[in-house]
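Written out below as structure tokens is the structure these notes cover.
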Amino acid sequence: MLAQPNPQAVPQNDNWAPYLAPLDRAQVAHLTRRAGFGCSNAELDELSGKTAPEVLDFVSQPNSPQLDAVTKRLASAALAAGSVDNLAASWVYLLLNSPNQLSEKATLFWHGHFATSAEKVTDAGMLWQQNALMRQNALGTFAPLVQAIAKDPAMLIYLDSESNRKAHPNENFARELVELFCMGEGNYSEKDVQELARCFTGWEIRNRRFRKNRYQQDTGNKNVLGSSGKYDGEQAIDVVLKHPAVGNFLARKLIRFYVSEASLLEPESPAVQSLAEHIRKSNLNVGSAVRQILTSQQFFSSESVYQKIRSPAELAIGFARSLNITTNTQAISLDMRNVGQGLFRPPNVKGWDGGRAWINSSTLLGRSNMLHRIIHDDKTRFDGESTISDYLAKRKLDSVTEISEHFATCFIAVPLSPSRIKQVISAAEISDSSVRTSIKENQLRHLLHSLASLPETQIC
Amino acid sequence: MIVSRRKLITNGLAASAVGASCIGIDSIVPQSFAFAPPTNDAARASDRILVVIQLSGGNDGLNTLVPVKDDRYYAARPELAIAKHSTLSVGHELHLHPSLRPLETLFENGLMSVVQNTGYENPNRSHFESMDIWHTCRRKTSRRQSGWLGRLLTSRAESGGDVPGLHIGGEQQPLALKSRTLALPSVTSLEDFSLKSRQADQLGELLKSPATQSNSELLDFIQDNTSTAMVASERVADAAGSTNKHEYPDNALSKKLQSVARLIESGLTTSVYYLSLDGFDTHAKQPAAHSALLNSWASSLASFVKDLELQGNAQRVCVMTFSEFGRRVKENASSGTDHGAAAPMFLTGHGLSAPVHGGPPNLEDLVDGDLKHEFDFRQVYAGIIRDWLGAEPKSVVGSFEPLQLFT
């Protein structure tokens with residue numbers, strides 16, 4: 001059975017008021033795709049009828065000790081080899097297998113927010129340490145995360161701020177703190193940047209660790225965003241975080257990441273304004289904001305459902321999770337890099353723009369090729385089976401139409417019409433009346449790849 | 001089989017057959033891209049090509065063209081200043097960074113032109129905001145849904161068969177190329193620009209055909225781009241068969257320029273190519289990094305020009321190089337420079353009117369420690385649009401007096 005389109009009406013008063021009704025199958029799929037990287041068909045069956053907070057509980061269960069042990073082993077091997085590529089593969093392993101999908105998705109959000117790239121920070125250990133820092137603070141309040149990031153060796157090296165002397169303060173970290181991390185361009189002056197830079201003088205990285213060099217610290221008075229004092233770096237961050245623009249800035253970024261890239265994002269829109277107000281009132285508690293977003297009427301409305309373009313991670317990891325695929329994690333992380341989302345390699349300090357910026361001719365060809373590689377990789381197992389034919393036999397799926405509909409409901413969010421399904425089957429040169437036992441394995445894989453390459457697959 | 005469009009015309013083949021081999025433009029695009037056979041005049045504006053090279057991160061103009069006569073430069077940069085004796089003098093009071101040696105011949109042959117001190121009023125020192133201003137010609141306060149090249153190419157769209165603009169590179173597509181109606185391709189590498197499937201042809205056909213009854217703007221956007229990708233990949237696969245006629249140095253920008261040269265050689269009627277070279281944000285340890293970047297730029301540019309000359313296409317191609325801002329006059333304490341304002345732009349090609357426009361930077365009259373601009377960058381865009389591409393600049397960049405950049 002194909003999922004039916006089910007977006008709810010757009011809420012009229014409070015956009016982020018809770019959505020209380022039990023979720024149907026398509027709504028559960030929507031929520032798990034946005035909160036994490038989707039789930040399997042069997043899990044969808046199990047979760048249908050539950051409420052949004054209940055589904056969120058399901059996708060935020062702690063990792064098993066075994067999973068933590070395997071991840072640690074993979075990461076240690078990567079670090080021993082100094083290989084950022086293998087480190088990225090270790091994270092892919094976690095994205096694929098962690099039951100704490102909410103946390104992993106949020107960690108990826110922060111990786112894009114506090115973007116730091118191996119193109120410049122070649123010390124894999126520092127990158128992994130930063131990754132752990134983000135995971136730890138992924139769903140907490142904003143202030144401790146910013147304070148920690150400001151002293152994070154990988155970040156400071158990435159921003160050329162490993163030394164910062166009194167005589168000529170380096171403006172880079174100060175500028176990105178207000179422009180890209182906390183407030184957004186247009187909410188501060190050039191003078192603020194220069195004064196902020198003075199607050200961070202004496203902050204440096206020596207022997208791979210943060211330290212304060214009091215001889216290089218400018219202890220004079222500074223004027224930052226309209227208040228003044230003999231601020232050091234920590235106090236300067238506190239001053240920045242008190243600014244009302246921080247709430248709006250976080251609200252827009254969270255909506256863009258979790259909900260939609262479209263109209264909702266106008267800075268003056270009620271959706272942004274009211275979420276910003278919630279965030280400010282909660283002392284910048286991002287974790288509660290994420291939960292509020294994902295359980296809101298707005299989230300289940302037509303302004304949110306099918307209104308997002310899948311990131312490469314959402315596409316690759318989501319595809320694999322939806323079919324219970326286990327595969328070559330190294331290859332997945334390289335593929336993701338090819339189509340614009342290399343883990344530990346964001347394009348610049350602004351991170352990934354996301355949305356329509358994911359899409360161009362090369363990335364569309366690359367996305368299709370990425371899924372082709374997963375489908376044809378020798379290491380790929382489909383729910384433990386080495387052939388798709390066996391995977392389908394286990395599920396007692398026989399007719400080519402049933403098979404296509406099954407695949408479509410697994411990983412395509414937008415409902416496909418019967419005629420669209422027919423079009424795909426006929427383009428694959430398979431007869432409408434074929435049954436599984438008469439279709440060659442290669443044809444089944446081609447059918448799967450065709451569905452995976454459709455424009456509809458790029459949306460979630 | 002590789003057949004250039006001009007070869008097809010001389011062979012007298014039917015226009016429709018030629019149209020079928022064109023890149024990227026079919027029913028998905030609202031404008032009509034009806035095939036119009038060009039005349040034999042190779043210098044016609046409609047045959048001309050603009051290649052834009054973006055130096056991302058903010059290129060240090062003062063250490064690119066060194067103001068060797070200005071003591072204030074040496075005072076502001078005790079560590080980073082380039083000594084006069086190591087600069088390369090190319091006449092016209094221009095002293096190049098020593099890594100720009102490959103440009104010497106270009107200057108000698110009149111193939112280089114500098115526009116000094118370009119920028120804009122009230123400069124923004126955020127990379128992203130400033131880049132957006134250069135890309136859209138608009139400030140943040142107005143709506144910015146299209147880039148200057150996107151608008152230009154939309155207005156010229158009916159003149160050719162192939163896609164009018166191409167972005168070469170793996171990074172996300174620059175805003176400069178965006179428009180409301182044209183979906184332009186980005187090509188990372190000619191060789192990888194194809195579907196990897198044993199049934200690629202069947203799949204390509206399927207993906208070209210629109211999704212049924214879409215009432216989603218987002219899905220339409222993806223469908224447009226998918227169709228463009230499928231048609232473009234067929235055409236680029238052909239172009240991938242042509243080869244470069246000159247050696248290039250081994251660097252990332254060279255690879256992109258090699259691709260552009262091959263696409264031009266294959267007869268594509270694309271009129272704008274866009275590429276970028278990243279890494280110019282030299283807040284720390286600037287000397288080695290900046291030197292390597294300038295050398296990458298200069299050496300690949302020189303090879304590209306020679307390649308085009310051997311092809312016989314050099315007369316048709318103008319290269320424009322820019323960066324989102326220059327850097328602070330005074331160096332910082334990390335052997336680097338912070339974000340600045342005005343900086344030089346560069347044009348490369350035939351038919352340039354003068355080796356240099358404007359005077360050396362004025363280091364006496366600074367704003368917040370940064371250079372003031374003498375020319376608005378939109379004057380440069382307007383000059384290129386009007387005199388190189390033969391289009392009307394005002395609707396693209398606004399009311400800016402075009403600079404007379406070409407003879």
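Structure notes:
- Residue list for the stretch A:319-333, given a label point 7 angstrom along the Cα-to-Cβ vector of A:H376 and an amide N cut-off under 20 Å: A:319-320, A:325-333
- Equivalent ellipsoid dimensions for the stretch B:5-397 as semi-axes, Å, which come from the Cα gyration tensor, largest first: 38, 23, 19
- Relative to the longest principal axis of the Cα atoms of chain B, the long axis of helix B:217-239 makes an angle of roughly 90 degrees.
- Simple spin-label estimate for B:S209 and A:T437 in nanometres, 7 Å along Cα-Cβ: 3.0
- Accessible heavy-atom area order of A:S389, A:S426, A:S288, highest first, probe of 1.4 Å: A:S426, A:S288, A:S389
- Accessible heavy-atom area order of A:K422, A:K151, highest first, probe of 1.4 Å: A:K422, A:K151
- For chain B, the fraction of 1.4 Å probe accessible surface lying on carbon and sulfur atoms is 51 percent.
- Loop-located GluC sites (Glu not before Pro) in the stretch B:291-397 whose Cβ has at most 14 other Cβ within 10 Å (DSSP): B:E364
- Overall form of the protein assembly as shown per C-alpha gyration tensor (a/c, 1.5; a/b vs b/c): oblate
- Per-atom-type breakdown for the stretch A:142-227 gives carbon and sulfur 44% of the accessible area (1.4 Å probe, protein chains only).
- Chain pair A, B: total accessible area buried, heavy atoms, 1.4 Å probe, Å²: 4600
- Cross-link reach list, lysines versus B:K140, counting only Cα pairs under 20 Å and skipping chain neighbours closer than eight places: A:K191, A:K253, A:K350, B:K178, B:K394
- Placing +1 on each Lys and Arg Cβ and -1 on each Asp and Glu Cβ, with no other charges, gives the stretch A:156-273 a dipole about its Cα centre of roughly 660 debye.
- Applying both filters, DSSP loop and at most 12 other Cβ atoms within 10 Å, to the trypsin sites (Lys or Arg not before Pro) of the stretch B:110-177 gives B:R143.
- In chain A, the inverse of the mean reciprocal separation of distinct Cα atoms equals 23.4 Å; this is its Kirkwood hydrodynamic radius.
- Surface per residue (accessible, 1.4 Å probe) for the stretch B:5-397, Å²: 37
- For the stretch A:216-306, the solvent-accessible area of protein heavy atoms averages 39 Å² per residue (probe radius 1.4 Å; ligands and nucleic acids excluded).
- Simple point charges give the picture: +1 on the Cβ of Lys and Arg, -1 on the Cβ of Asp and Glu, and for the stretch B:337-405 a dipole about the Cα centre of about 380 debye.
- In this structure, the amide hydrogen of B:V115, modeled 1.01 Å from its nitrogen in the peptide plane, lies closer than 5 angstrom to those of B:M345, B:F346, B:L347, B:H357, counting only residues at least 5 positions away or on a different chain.
- Shown here for the stretch A:187-246: GluC sites (Glu not before Pro) in loop regions (DSSP other than H, G, I, E, B) with at most 16 other Cβ atoms within 10 Å, of which there are none.
- For the stretch A:174-197, a drop of 20 Å² or more in accessible area on going from the chain alone to the assembled protein chains (1.4 Å probe) is found at A:R175, A:E179, A:E185, A:E190, A:Q194.
- Using the Karplus relation 6.51 cos²θ - 1.76 cosθ + 1.60 with θ = phi - 60°, the per-residue 3J(HN,Hα) values for the stretch B:116-126 come to 6, 6, 8, x, 7, 4, 6, x, 9, 9, 7 Hz, with x marking Gly and Pro.
- Shielded by partner chains, the stretch B:170-185 residues - at least 30 Å² of accessible area, 1.4 Å probe, vs chain alone: B:Q172
- With 30 Å² as the minimum drop in accessible area between chain alone and full protein complex (1.4 Å probe), the qualifying residues in the stretch A:362-399 are A:S362, A:L364, A:L365, A:N369, A:H372.
- Surface exposure of the stretch A:385-458, expressed per residue as accessible area with a 1.4 Å probe, stands at 37 Å².
- Taking amide hydrogens as placed 1.01 Å from N in the peptide plane, the amide H of A:T201 sits under 5 Å from those of A:D218, each at least 5 positions away in sequence or on another chain.
- Solvent-accessible area of the stretch A:385-458 (1.4 angstrom probe, protein heavy atoms only): carbon and sulfur portion equals 50 percent.
- Database remark: amide H of B:S276 closer than 5 angstrom to the amide H of B:Q54 (H placed geometrically; neighbours at sequence offset of 5 or more, or on other chains; Pro and chain starts carry no H).
- Using only side-chain charges placed at the Cβ, +1 for Lys and Arg and -1 for Asp and Glu, the dipole size of the protein assembly as shown relative to its Cα centre rounds to 760 debye.
- Considering only B:P355, B:L218, B:T243, and ranking their Cα positions along the charge dipole of chain B that arises from unit charges at the beta-carbon of Lys, Arg, Asp and Glu, the one farthest toward the positive end is B:L218.
- A simple rule links phi to the HN-Hα coupling: the Karplus curve 6.51 cos²θ - 1.76 cosθ + 1.60 with θ = phi - 60°, which for the stretch A:91-106 gives 5, 4, 4, 5, 4, 5, 10, 5, x, 8, 4, 4, 5, 5, 5, 5 Hz, with x for Gly and Pro.
- Positive-end residue of A:T329, A:G355, A:L444, charge dipole of the stretch A:319-459 with Cβ unit charges: A:G355
- Each Cα pair under 8 Å and six or more residues apart adds its separation to the average, and for chain B the resulting relative contact order is 29 percent.
- With Cα atoms, 0 to 90° folded angle of helix B:127-136 axis to chain B main axis: 50
- Probe 1.4 Å, all protein chains present, accessible-area order of A:S311, B:S353, largest first: B:S353, A:S311
The values are calculated or read from the model by the stated rules, or taken from the named source; none is laboratory data. Note that the coordinates shown come from a computational prediction; the quantities given were computed from them, not determined experimentally. Ideal geometry is used to build each Cβ from the backbone, glycine not excepted, and the neighbour counts take in all protein chains shown. Side chains included, ligands, DNA and RNA excluded: accessible areas come from the protein's heavy atoms. Shrake-Rupley method; radii C 1.70, N 1.55, O 1.52, S 1.80 Å.
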